[in-house]
Structure formats: structure tokens, C-alpha cells
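All remarks here apply to the structure that follows.
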Amino acid sequence: MTASTRPPVVRIAPSPTGDPHVGTAYIALFNYAFAKQQGGSFILRIEDTDQARSTRQSEAMILESLRWLGIQWDEGPDIGGPSAPYRQSERLDIYRRHVADLVAAGEAYWCTCTAERLDGVRKEQTARKENPGYDGHCRFRDPAAVRAEIDAGTPGVVRLKVPRGANDPKAGADAASHDVKVAFVDRLRGSVEFHTREIDDQVLQKSDGFPTYHLANVVDDHLMGVSHVLRGEEWISSTPKHILLYAAFGWEAPEFAHLPLLRNADKSKVSKRKNPVSLRWFRECGYLPDAMVNFLGMMAFTFADGREIFSLSDFVQHFTLDRVSLGGPVFDLKKLLWLNGRYLREKRSDDEVVAYLKAQLFNDGYLRSIVKIAKERFEKSDDFIAYAPWFFTASPYVEAGGDGSDLLVKGRTKKETLAILESLVERVDVAFDFSEERVKALLELWCADHGMTPKEAFMPVRLLLSGKKATPGLPESMAVLGRERVRTRIRAVLPLIQKLPEAPKADASKADAPKADAPKADAPGTSPKADDPKAVGEPKPPTSTTAPRA
RNA sequence: GUCCCCAUCGUCUAGAGGCCCAGGACAUUGCCCUUUCACGGCAAUGACGGGGGUUCGAAUCCCCCUGGGGACGCCA
């Protein structure tokens with residue numbers, strides 16, 4: 001293998017379909033370290049082949065977030081490079097040529113099956129307890145006939161002709177007499193083998209003419225000279241498809257190493273429902289980039305000397321695949337928080353902390369936006385802090401002693417309120433434009449969809465966001481707080497409501513024997529949590545102990 | 001359901017046959033420092049999923065079971 005003697009070429013290939021994800025940074029970090037340590041190069045490639053979901057805005061946020069962490073790429077859409085362009089939507093002609101080659105070589109075929117037919121096939125297969133997968137209908141039709149349909153304007157896709165063994169339910173005339181297997185070596189686990197009967201005749205080119213991930217990723221990795229593919233474990237089962245594709249093209253496949261997936265507290269793949277995953281959220285909440293990198297590096301890797309505090313360059317210097325562990329690491333915010341604290345007090349001077357606080361909380365832009373909506377509501381400087389502390393604290397509602405009982409939407413049950421608030425977070429989640437006008441529109445639509453008036457719906461939201469009944473207008477307050485803070489605060493309150501007694505009276509009695517499961521709601525100041533400085537600037541994310549049940 | 005991957009304290013993990021009646025870190029609890037809180041220091045609680053092998057000897061190797069995860073899209 002000559003590949004191993006040359007400096008490695010690796011890549012991170014994010015899909016720009018939303019918030020910059022912490023998993024992207026994690027995988028990017030490992031790729032970066034692997035390449036840099038051996039003097040190799042690190043490519044950033046944008047996989048925007050999903051026309052419906054990809055946005056330039058998301059792409060920009062991803063680049064910005066990786067830069068924030070200090071993960072520098074050698075080639076990418078913004079800086080170019082020898083294999084430009086680095087945005088797959090700009091490489092369409094390349095993929096089309098390669099797809100045509102495959103069809104010409106008999107390694108792929110056109111397919112005009114409709115979504116309805118595919119659905120039906122899948123249903124039948126499931127009923128027969130077979131693995132769902134394309135049945136090869138068009139694979140065994142006369143190619144000229146299919147071609148004619150395409151030429152006449154019938155939408156069609158191109159599929160990979162996966163080699164079949166005779167005992168394969170999807171086998172046809174071209175099946176081999178023996179079992180066909182595909183194997184590859186994963187650098188972290190050794191040889192992994194699949195039967196082709198488990199593999200679908202994968203779509204390579206969609207009917208909109210765009211390539212699928214599988215095709216684009218193989219073509220680009222080959223053309224860009226990628227030598228090692230370090231990616232998430234979720235890709236293991238797609239790897240045989242990629243191996244087949246490399247073979248179909250007659251190319252040598254790169255080496256593979258599948259890194260364990262970041263997990264929620266319940267061990268499922270990390271997700272925004274159960275964990276903060278947006279890099280923007282971490283940044284917004286005051287997490288330091290070097291602490292973040294340290295923490296991410298700690299997931300699935302340990303230094304031989306046992307050190308736990310390390311910089312990006314330490315990580316680059318000492319990284320080795322040999323010390324990557326395979327158990328899926330739970331993304332534990334508690335440890336991140338501790339690390340962040342250490343970085344703050346050990347790796348930042350007082351002046352740097354001042355600069356940090358100014359940048360995070362007391363920057364002109366934020367202050368100005370607050371003043372704009374709060375100016376007529378206070379008389380002197382210290383009144384301002386008393387009036388609007390919630391712009392600067394993480395969990396104002398809980399800190400004010402809220403237990404969720406005053407968060408029920410008027411006339412709605414606990415369950416209904418939960419659904420209503422969940423619907424609000426979902427809308428906030430996708431509201432990348434969080435301007436006052438957009439928020440206002442969002443709220444109006446939300447109210448309408450749930451048959452509520454603003455009067456009924458706004459107070460609970462105001463309360464959960466600020467811990468106060470008197471605030472500036474809700475839409476403008478939300479816009480100032482920003483999307484990250486807003487969604488965190490809504491999510492943080494869901495478990496509280498969840499824990500409320502089943503049929504709460506609108507005016508729950510103040511009797512002395514409250515349900516034991518009601519959270520402690522000490523008056524502010526007497527609660528040990530309320531004046532805990534650690535809580536300041538630290539939104540309560542839904543961690544294991546507080547996460548709402550899925 | 002099928003295929004694939006994984007399996008040490010609650011969490012991140014050390015451990016590549018004897019150095020391990022399993023070490024560190026976070027979290028938790030207690031004590032010390034301290035006018036308070038925090039930081040810091042000290043200490044405690046706490047794990048090799050189960051069963052079979054192999055071996056003089058297994059957390060470490062093999063098999064089975066169990067558990068967890070991922071994948072089964074014209075999403076990546």
C-alpha cells in the first residue's frame with residue numbers, strides 16, 4: 001500500500017441543512033488531527049446535494065463555527081484548492097459524466113419506477129418478512145425501452161447494479177451461483193463483511209439530476225485524493241455500497257475508520273430533542289472554543305500519559321487511531337461545564353475574562369437592543385438590572401422559583417400545554433431568521449394553529465423566558481434574547497410541566513402537603529441553586545436528569 | 001424484523017494474560033481552608049452485564065446469551 005507512505009488526505013463533508021452540529025465538529029476535529037499530525041491535508045467539502053434542505057446560510061454557519069473552534073481546513077469552498085469546486089452542487093457535470101460511464105459500463109442502470117410502485121414493493125416485502133429494498137424491476141427490463149421512457153420525459157433515477165447471488169430474493173438472470181459478499185477493513189475494528197443480499201440497488205442519481213450522497217461522496221473522495229475516511233459509525237452499513245462503487249469505477253478505495261457516535265444520556269445518537277447540539281448554542285452560552293475542543297477530543301480518545309487538559313495542538317501532536325475507544329460516549333454537559341470553568345480560571349487572565357464577558361453579555365449590540373425595548377421602563381442604571389436580569393441569566397424562570405404550575409395556557413390541560421409549547425420550540429428551531437417581525441409572525445401563526453389568542457398564550461411564554469410577569473413586548477423580547485436562548489428556555493421548562501400533578505386546579509391549593517414529585521420551589525435567595533454563580537450564564541440544558549421523556 | 005457495530009464506576013475512561021480484591025477525571029457525599037459563596041486540598045461511595053470455555057493464571061483471548069446503538073430513503 002503506497003497510500004500509507006504518503007501524507008494523508010482527509011475531509012469533513014457536512015451537509016448544510018440547519019444548525020452547525022456538534023457532531024460535525026467532533027468528526028472534523030479527529031480528521032484534522034489525523035491529517036495535521038502526519039503533515040497531511042484536511043479538506044472541507046459541502047455536501048449540498050439535497051436541494052430542498054440545503055441553504056447557504058447553514059453553510060456559512062458551519063464554516064464560522066469550525067473557524068471559531070480553530071479547526072482550519074486546507075481546501076474548501078471559501079478558499080478554493082486544487083480540487084475545486086468544493087460544493088457538490090457546483091460539481092453536477094462531474095457526477096453526470098461518471099454516472100454515464102457507469103451506465104455505459106453496465107455497472108448502473110436507469111430506473112423509472114414511481115414512488116408509488118416502490119412503496120408497494122416495500123410493503124409486500126415487509127409483509128413477506130423480507131428486507132425492504134428495490135426489487136430490480138428496471139434492472140431486468142430492456143435497457144432500450146427504459147431509455148426511451150427517459151427520452152420521452154419520464155422522470156427517472158440511475159441505480160447501482162449490486163452483484164447478486166442466486167439465493168438473493170432480488171436476484172435476476174445476472175446472479176452469480178454463489179453467495180456474494182463485500183468486505184472492507186475498518187481501521188478501528190478490523191474486517192467487516194456484508195452479504196450483497198442486504199444491499200439495495202442504491203440510487204446514484206436522483207430524478208432531479210443531482211447525485212445522491214453515495215455517488216457524490218465516492219466520486220469526490222477519489223477525485224480529491226482522499227486517502228482516509230474518518231466518519232461517524234452511522235456510515236458503517238453504507239460502506240459496502242461505497243466499496244462496490246469504487247470497484248465499479250475501477251478505483252482503489254480509501255481506508256476507513258468509523259468513529260463512535262456522540263450519545264444522549266439515554267445512549268441514543270445525540271439529538272437536539274435531548275441535548276443542545278448547535279455549535280452556535282455553545283458559543284452563545286459562553287462555552288470557550290478551546291474548552292470545547294478539549295472536551296470533544298476527550299470523547300473517544302485518551303492521551304497515553306493520562307492528561308485530560310489539552311490544547312488543539314497537543315491533540316494534533318498526540319492523536320493516534322490506536323487510542324480511539326469504541327464505546328459511544330455520552331455527551332455529558334456537566335463535564336464540559338467543569339472544563340469550561342477550568343479554562344476560564346486557569347487559561348484566561350482577568351483582562352481576558354473581562355473581554356469575554358463584554359463579548360458574551362455586555363457587548364454594545366446586545367445592550368443596545370435591550371435598551372431599545374426597555375428604555376421607557378426604568379429610571380436609573382441599577383433599576384435596569386432589577387428590571388431585566390433575565391437578559392443576562394440562564395434560567396430566570398427556575399431562579400425565580402417557578403415550578404411550572406403557572407405555565408399552563410389558560411383553559412388548556414397540562415398535556416395540551418406541553419404539546420403547544422413543543423410546537424413552539426419546533427418552530428423556533430427552524431426560525432433561522434429571528435428578527436422581531438419574523439418572531440411576531442411565528443407567534444401569530446402558532447397562536448392561530450392552536451386556536452389561542454395572544455392574550456392566552458403569551459403570558460406563559462413570557463414567564464418561562466423571563467421569570468417575570470412584566471416585560472417588554474414578547475416578540476421583541478424574544479428577538480433580543482435570540483433563538484438559542486429562547487429555545488433552550490422553552491425546552492428547560494417542559495420537564496417541569498411534565499412533573500406537574502395530572503389535573504391541576506387553575507389555582508392549586510397552597511396546602512402544606514404538596515406532591516412529593518413537585519420540584520423544590522424555594523423563594524429566590526433561599527434556594528441553594530438560586531444564588532449559585534455557576535448557574536449564571538449557564539442555561540439549564542435538558543440533561544439526563546431533567547430531559548423530557550421522548 | 002433483518003444486517004452491522006459496541007459492551008469496565010451514574011458519566012468520560014485507564015487497562016493490550018499475572019503489576020488489578022481494577023487506576024484517574026466529572027458528578028455525588030463528608031471533612032479541611034474560609035466572615036459567606038466559590039476556588040483549592042483531603043477522603044468516601046461507586047464498575048469489569050451473564051454463562052461457558054482456553055490457560056497454572058482472564059477485565060484482558062474464544063463461543064453463546066443478554067443489553068445498548070446504528071443502518072435498512074430519489075436525507076446526508
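Helices (runs of 4 or more DSSP H) fully within the range A:336-446 that include at least 3 residues being closer than 30 Å to A:Phe310 by Cβ and of a type in the set (A, V, I, L, M, F, W, C): A:350-360.
For the range A:154-177, the set of residues classified as at pLDDT 90 or above and of a type in the set (A, V, I, L, M, F, W, C) consists of A:Val157, A:Val158, A:Leu160, A:Val162, listed by residue number. Residue check: A:Ile373 meets all listed conditions (1) in contact with a Pro (Cβ under 9 Å, 6 or more places away or on another chain); (2) assigned by TED's automatic domain parsing to the domain that holds A:Gly306 but one, namely (2). Between A:Gly133, A:Gly80, the distinction of being away from RNA strand B (no atom under 16 Å from the Cβ) and small (Gly, Ala, Ser) belongs to A:Gly80 only.
From the list A:Val192, A:Val180, the lone residue that is surrounded by 13 or more Cβ atoms within 10 Å (Cβ to Cβ), more than 10 Å from RNA strand B (Cβ to nearest atom) and at pLDDT 90 or above is A:Val180. Residues considered: A:Ala431, A:Ala457, A:Ala400. Of these, the only one that is small (Gly, Ala, Ser), crowded, with 17+ Cβ neighbours inside 10 Å and within 30 Å of A:Ser54 (Cβ to Cβ) is A:Ala431.
Considering the range A:229-328, the qualifying helices (runs of 4 or more DSSP H), each wholly inside and each with 2 or more residues that are aliphatic (A, V, I, L, M) and more than 7 Å from RNA strand B (Cβ to nearest atom), run over A:239-249, A:289-298, A:312-318. Per the listing A:Asp186, A:Asp200, A:Asp208, the residue uniquely of a type outside the set (Phe, Trp, Tyr), touching a residue at least 60 places away in the same chain (Cβ under 8 Å), in contact with a His (Cβ under 6 Å, 6 or more places away or on another chain) and within 8 Å of RNA strand B (Cβ to nearest atom) is A:Asp186.
Among residues of the range A:353-365 that are closer than 16 Å to A:Trp68 by Cβ, those with a beta-carbon under 9 Å from a residue that is hydrophobic (A, V, I, L, M, F, W, C) and assigned to a loop (DSSP other than H, G, I, E, B) at least six positions away or on a different chain give the pairs A:Tyr356/A:Leu288; A:Gln360/A:Cys285. Looking only at residues in the range A:56-73 that are of a type outside the set (Gly, Ala, Ser) and within 13 Å of RNA strand B (Cβ to nearest atom), the one that is nearest to A:Asp220 (Cα to Cα) is A:Glu59.
If you go through the range A:89-110 one residue at a time, how many are free of Cβ contacts under 8 Å to residues at least 60 places away in the same chain and within 12 Å of RNA strand B (Cβ to nearest atom)? Number of matching residues: 1. Inside the range A:190-215, residues that are of a type in the set (Asp, Glu), out of contact with any Gly (no Cβ under 8 Å at 6 or more places or on another chain) and assigned to a loop (DSSP other than H, G, I, E, B) make up a count of 1.
Of the residues making up the range A:464-497, just one is crowded, with 20+ Cβ neighbours inside 10 Å, modelled with pLDDT of 95 or more, more than 25 Å from the chain's Cα centre (by Cα) and aliphatic (A, V, I, L, M), namely A:Leu464.
The values are calculated or read from the model by the stated rules, or taken from the named source; none is laboratory data. What you see is a predicted model, and the numbers here were worked out from it, not measured in a lab. Cβ coordinates were reconstructed from backbone atoms using ideal geometry, including for glycine residues, and neighbour counts include every protein chain displayed.
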